[in-house]
Amino acid sequence: MTTTRFRSTEADIDGLYHELAEHELQPLWELKGLLTREPAVAGTPFRWRGDDLRKLAERAGDLVPVDRGGDRRVLACCNPGLAGAPYAVSTLWAAVQYLRGHEMAPAHRHSPAALRFITEGEGVFTLVDGDPLPMGKGDLVLTPSWTFHEHHNPGDAPMMWMDVLDLPVVAALDAVFFEEGASEEADTATAPASASERWFGGGPGLVPAGHETPPSHSPLLAYRWADTDRALTAQLDVSGASSAKLRYSDPVRGGDVMPTMRCEIQRIEAGASTAAFRQTGGRVACVLHGTGRARVGERVFDIAPGDIIAVPSWSRWQFLATSRLDVFSVSDAPVLEALGLFRTSEG
Ligand code: GTQ
Ligand code: FE2
């Protein structure tokens with residue numbers, strides 16, 4: 001079939017393209033790599049060693065005061081595949097924060113949500129909208145979107161922990177807001193237990209009747225290691241399996257702890273391994289106890305306590321335990337689920 005419609009010359013086409021550019025337009029037929037068969041993921045599998053993180057954070061603690069840059073002494077994990085962006089995977093910020101004895105990180109709030117997971121030490125407490133949350137090894141502490149938070153270290157010993165924020169997602173949506181707050185004089189040796197835990201962490205399956213809950217995040221702001229450890233032990237006991245996995249949940253609604261981040265913890269017995277698994281969306285994992293190997297995509301990392309591991313979207317990941325492993329991880333699964341984009345595959 002012949003047509004007269006497409007008898008264009010090179011000059012005609014060049015002219016069109018030139019004018020398109022002048023009008024801030026691009027022809028789709030010349031664009032590559034937009035609709036890929038599978039996710040085209042920029043981040044790469046990566047592992048930051050806990051030993052390195054601790055040494056470098058200590059050095060920053062000796063050299064840099066806490067007030068310089070964003071009120072926090074924080075080292076951001078920068079995935080080498082992300083062209084210098086300070087993100088562990090394209091959708092998650094992960095960092096270590098270091099607070100020396102008697103230091104205070106002043107109050108502020110921001111629309112990105114944050115959480116902290118503690119792999120060693122204790123003594124710091126964070127005030128979340130004024131509610132004091134002590135931080136200790138194995139605890140998960142939440143700072144939901146737009147809640148004021150400040151960190152206090154009333155003791156002599158320094159403390160370090162991992163921060164994870166949904167900052168890249170909020171930034172991609174052009175919805176980042178930040179504001180400073182008025183810090184409280186809270187440099188006391190012992191903080192009282194949080195109101196959040198007394199209301200919503202009273203006991204398994206028990207929540208207060210008729211008490212108001214925040215609309216979009218868990219009313220329970222701290223998940224304690226003693227409870228997590230007990231639940232992992234019980235699950236291994238009842239299942240007879242060699243690994244156990246828990247999801248941290250909103251005790252009232254049963255959903256994820258915050259609208260953008262899913263928190264999970266796995267225990268893998270010595271000599272055992274988890275099945276290879278992948279999902280859409282990024283994940284950041286952190287080793288609490290034990291040693292072994294993490295296979296992520298084409299990479300294999302030896303892992304030890306304090307290590308932070310980046311699992312980019314759609315990368316297969318798997319743990320092999322040399323000694324019993326406890327691994328905490330955060331993913332942006334709730335975002336993908338809410339948008340109908342969550343996919344998983346096993347094996
Ligand atoms: O502790 O408030 O890692 O605002 C990044 C931004 C920690 C915090 C980070 C923050 C914080
Ligand atoms: Fe913050």
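The values are calculated or read from the model by the stated rules, or taken from the named source; none is laboratory data. Remember, predicted model here, so these are calculated numbers, not experimental data. Note that each Cβ is placed from the backbone with ideal geometry, even for glycine, and that neighbours are counted across all protein chains shown. What goes into the accessible areas is simple: the full protein's heavy atoms, side chains included, and nothing from ligands, DNA or RNA. Shrake-Rupley method; radii C 1.70, N 1.55, O 1.52, S 1.80 Å.
General observations
- The C-beta contact set for the stretch 86-109 (first residue within 19 Å of Gly121 (Cα to Cα) and within 11 Å of ligand 1 (Cβ to nearest atom), second residue polar (S, T, N, Q) and open to solvent by less than 50 Å² (accessible area, probe 1.4 Å), distance under 7 angstrom, 6+ apart or interchain) comprises Leu99/Asn153.
- Residues that are open to solvent by 20 Å² or more (accessible area, probe 1.4 Å), under 28 Å from Phe125 (Cβ atoms) and in a loop (DSSP other than H, G, I, E, B) within the stretch 72-85 comprise just one, Arg72.
- Remark: Pro192 matches the filter, which requires a residue to be assigned to a loop (DSSP other than H, G, I, E, B), more than 23 Å from Asp62 (Cβ to Cβ) and not acidic (Asp, Glu).
- Candidates Pro334, Pro312, filtered to the one that is under 13 Å from the mean Cα position of the chain (by Cα) and surrounded by 20 or more Cβ atoms within 10 Å (Cβ to Cβ): Pro312
- Among the candidates Ala88, Ala105, residue that is surrounded by 20 or more Cβ atoms within 10 Å (Cβ to Cβ) and more than 17 Å from Val169 (Cα to Cα): Ala105
- All of (1) within 14 Å of ligand 2 (Cβ to nearest atom); (2) in a loop (DSSP other than H, G, I, E, B); (3) not β-branched (Val, Ile, Thr) hold for Ala175 with one exception: (1).
- When restricted to residues that are within 11 Å of ligand 2 (Cβ to nearest atom) and either in contact (Cβ under 8 Å) with a residue 40 or more places away in the chain or surrounded by 23 or more Cβ atoms within 10 Å (Cβ to Cβ) (or both), the stretch 145-158 contains 5.
- Test: residue in the stretch 159-167 that is part of a helix (DSSP H, G or I), closer than 23 Å to Phe328 by Cα and within 16 Å of ligand 2 (Cβ to nearest atom): yes
- Extreme residue, farthest from the chain's Cα centre (by Cα), among residues of the stretch 23-64 that are among the basic types (Lys, Arg), closer than 19 Å to Ala310 by Cβ and open to solvent by 60 Å² or more (accessible area, probe 1.4 Å): Arg54
- The stretch 282-305: number of residues that are open to solvent by 50 Å² or more (accessible area, probe 1.4 Å) and part of a strand (DSSP E or B): 6
- Within the stretch 129-143, if we keep just the residues that are surrounded by fewer than 23 Cβ atoms within 10 Å (Cβ to Cβ) and under 22 Å from Glu180 (Cβ atoms), the residue that is nearest to ligand 1 (Cβ to nearest atom) turns out to be Asp129.
- Scan of the stretch 190-234 for residues that are open to solvent by 60 Å² or more (accessible area, probe 1.4 Å) and in contact with a strand residue (DSSP E or B) (Cβ under 7 Å, 6 or more places away or on another chain), ordered by number: Pro192
- Unmet requirement for Asp67, which otherwise passes all of (1) within 24 Å of Phe319 (Cα to Cα); (2) within 16 Å of ligand 2 (Cβ to nearest atom); (3) open to solvent by 60 Å² or more (accessible area, probe 1.4 Å): (1)
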